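Working notes for the structure below.
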Amino acid sequence: MSFQPIKFYQTGTFTVGNRLLPPEQRSVQAQVKRYNSLNSGHRACQGCGEALGARYAIDAAMEATNGRVICANATGCLEVFSTPYPETSWQVPWLHSLFGNTAAVATGIAAALKVKMQKGERRHIRVVAQGGDGGTTDIGFGCLSGMFERNDDVLYICYDNNGYMNTGIQRSSATPPAARTATTPAVGPEPGNPFGQGKFVPAIALAHEIPYVATATVADLRDLEAKVRRAMEFHGARYLHILVPCPLGWGTQPHETIKMARLAKETGLFPVFEAEYGEQKSALAIRHPRPVEDYLKPQKRFAHLFAPKLRTDVIAKLQALADRNIRKYRLLEGM
């Protein structure tokens with residue numbers, strides 16, 4: 001089941017709070033010997049969910065493999081703010097790929113390492129590919145689908161901030177319906193991103209029946225770490241989709257990043273679950289169900305749903321999508 005054995009309420013920093021727990025219950029980040037794979041000095045915006053998610057995910061992968069990880073990174077926010085040439089904040093073997101071929105590059109790395117291991121030239125080293133939702137659900141989807149189909153031994157992590165944020169906040173196929181972006185303006189009778197478009201890649205990965213598929217948010221960091229560790233227990237294609245709020249693109253305050261990620265999960269708009277070989281094994285239960293208005297209203301990208309006229313019709317359609325997720329992924333039950 002999803003990892004949440006401790007009812008942990010954050011009152012200070014996550015790291016300090018975990019140091020009050022027994023060593024065996026602490027998070028990876030609370031350990032003195034954490035890897036700091038994504039180190040300080042990068043140029044992410046204040047409150048960037050992607051920087052937080054990447055630090056926790058890669059450190060958890062390093063901890064699970066005793067530091068034997070190579071990362072391939074798509075062009076996008078994560079690459080731009082972490083590695084302005086000739087500088088980098090990464091303290092892990094890290095390769096920058098093109099926008100659309102990260103999965104293919106990671107597959108090649110894994111194949112080369114397999115040959116070297118067979119020749120006795122290398123110990124077993126694991127490969128992680130990572131990218132944003134643009135490089136994953138749009139531009140790189142062909143390479144990703146091939147990686148799934150061939151069952152290549154790669155963990156692919158998608159940091160989903162719902163759009164192309166570092167190039168001016170354009171729509172991606174992970175942008176939610178009704179959201180305003182630079183390419184889906186809030187004009188006309190159906191303002192914002194159209195309903196009935198886009199794709200939810202975790203469901204597609206599930207259909208491939210690959211060894212492991214999971215979703216997570218930066219609001220439940222222990223759950224995120226546990227899912228990375230679980231993913232590293234498998235060989236073959238694995239996929240982890242992390243919701244990472246973007247204050248710049250969503251029009252929220254930097255201090256609201258964790259709150260927005262939690263509301264996405266508590267409303268049911270972003271289902272948090274894990275699956276193995278095409279079968280859902282668990283879901284992170286919604287503890288305090290909330291209406292979608294609680295998630296939408298603080299975000300400027302949905303401001304047109306509340307003024308100058310309250311768009312109850314559009315909000316009702318979004319609530320229907322959340323209710324469908326709750327039924328489909330059994331989010332009120334947990335598992």
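The values are calculated or read from the model by the stated rules, or taken from the named source; none is laboratory data. The model shown is predicted, which means the values in this text are computed figures rather than measured ones. Ideal geometry is used to build each Cβ from the backbone, glycine not excepted, and the neighbour counts take in all protein chains shown. The protein model used for the area step is the full one, side chains on, heavy atoms only, and it has no ligands, DNA or RNA in it. Shrake-Rupley method; radii C 1.70, N 1.55, O 1.52, S 1.80 Å.
Table for the structure above
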quantity: Residue match in segment 153-165 (condition: surrounded by 24 or more Cβ atoms within 10 Å (Cβ to Cβ) and small (Gly, Ala, Ser)); calculated: yes
quantity: Count of segment 84-104 residues which are within 27 Å of Met147 (Cα to Cα), polar (S, T, N, Q) and touching a residue at least 40 places away in the same chain (Cβ under 8 Å); calculated: 3
quantity: Close pairs from segment 37-59: first over 10 Å from Ser82 (Cβ atoms), partner open to solvent by 50 Å² or more (accessible area, probe 1.4 Å) and modelled with pLDDT of 95 or more, Cβ under 6 Å, at least 6 apart; calculated: Ser37/Gln91; Cys45/Leu248
quantity: Residue within segment 250-260 that is of a type in the set (Phe, Trp, Tyr), assigned to a helix (DSSP H, G or I) and out of contact with any Ser or Thr (no Cβ under 8 Å at 6 or more places or on another chain) present; calculated: yes
quantity: Subset of segment 140-182 that is among the β-branched types (Val, Ile, Thr) and in contact (Cβ under 8 Å) with a residue 60 or more places away in the chain - its residue that is nearest to Pro202 (Cα to Cα); calculated: Ile157
quantity: Check on Ile315, free of Cβ contacts under 8 Å to residues at least 60 places away in the same chain, in contact with a helix residue (DSSP H, G or I) (Cβ under 8 Å, 6 or more places away or on another chain), surrounded by 18 or more Cβ atoms within 10 Å (Cβ to Cβ) and not charged (D, E, K, R); calculated: yes
quantity: Segment 188-201 - residue that is crowded, with 22+ Cβ neighbours inside 10 Å and in contact (Cβ under 8 Å) with a residue 24 or more places away in the chain and, of those, farthest from the chain's Cα centre (by Cα); calculated: Gly192
quantity: Residues of segment 265-298 satisfying the condition of being open to solvent by 20 Å² or more (accessible area, probe 1.4 Å) and at pLDDT below 95; calculated: Ala285, Arg287, His288, Pro289
quantity: Residue list for segment 86-122, filter: outside any helix (DSSP H, G or I), open to solvent by less than 50 Å² (accessible area, probe 1.4 Å) and more than 23 Å from Arg43 (Cβ to Cβ); calculated: Gly100, Asn101
quantity: Matching residues, segment 216-248, being part of a helix (DSSP H, G or I) and open to solvent by 10 Å² or more (accessible area, probe 1.4 Å); calculated: Leu221, Arg222, Ala226, Arg229, Arg230, Pro247, Leu248
quantity: Boolean, Val80 is among the β-branched types (Val, Ile, Thr) and either buried (at least 22 other Cβ atoms within 10 Å of the Cβ) or over 19 Å from the mean Cα position of the chain (by Cα) (or both); calculated: no
quantity: Gly146 being at pLDDT 95 or above and surrounded by fewer than 23 Cβ atoms within 10 Å (Cβ to Cβ); calculated: yes
quantity: Single unsatisfied condition, Gly134 versus (1) over 22 Å from Val292 (Cα atoms); (2) touching a residue at least 12 places away in the same chain (Cβ under 8 Å); (3) open to solvent by 10 Å² or more (accessible area, probe 1.4 Å); calculated: (3)
quantity: Search result, residues across segment 202-214 that are of a type in the set (Val, Ile, Thr) and either open to solvent by 10 Å² or more (accessible area, probe 1.4 Å) or not in a loop (DSSP other than H, G, I, E, B) (or both); calculated: Ile204, Val213
quantity: Hey, Cys45 in a loop (DSSP other than H, G, I, E, B), of a type outside the set (Gly, Ala, Ser) and in contact with a helix residue (DSSP H, G or I) (Cβ under 7 Å, 6 or more places away or on another chain) or not; calculated: yes
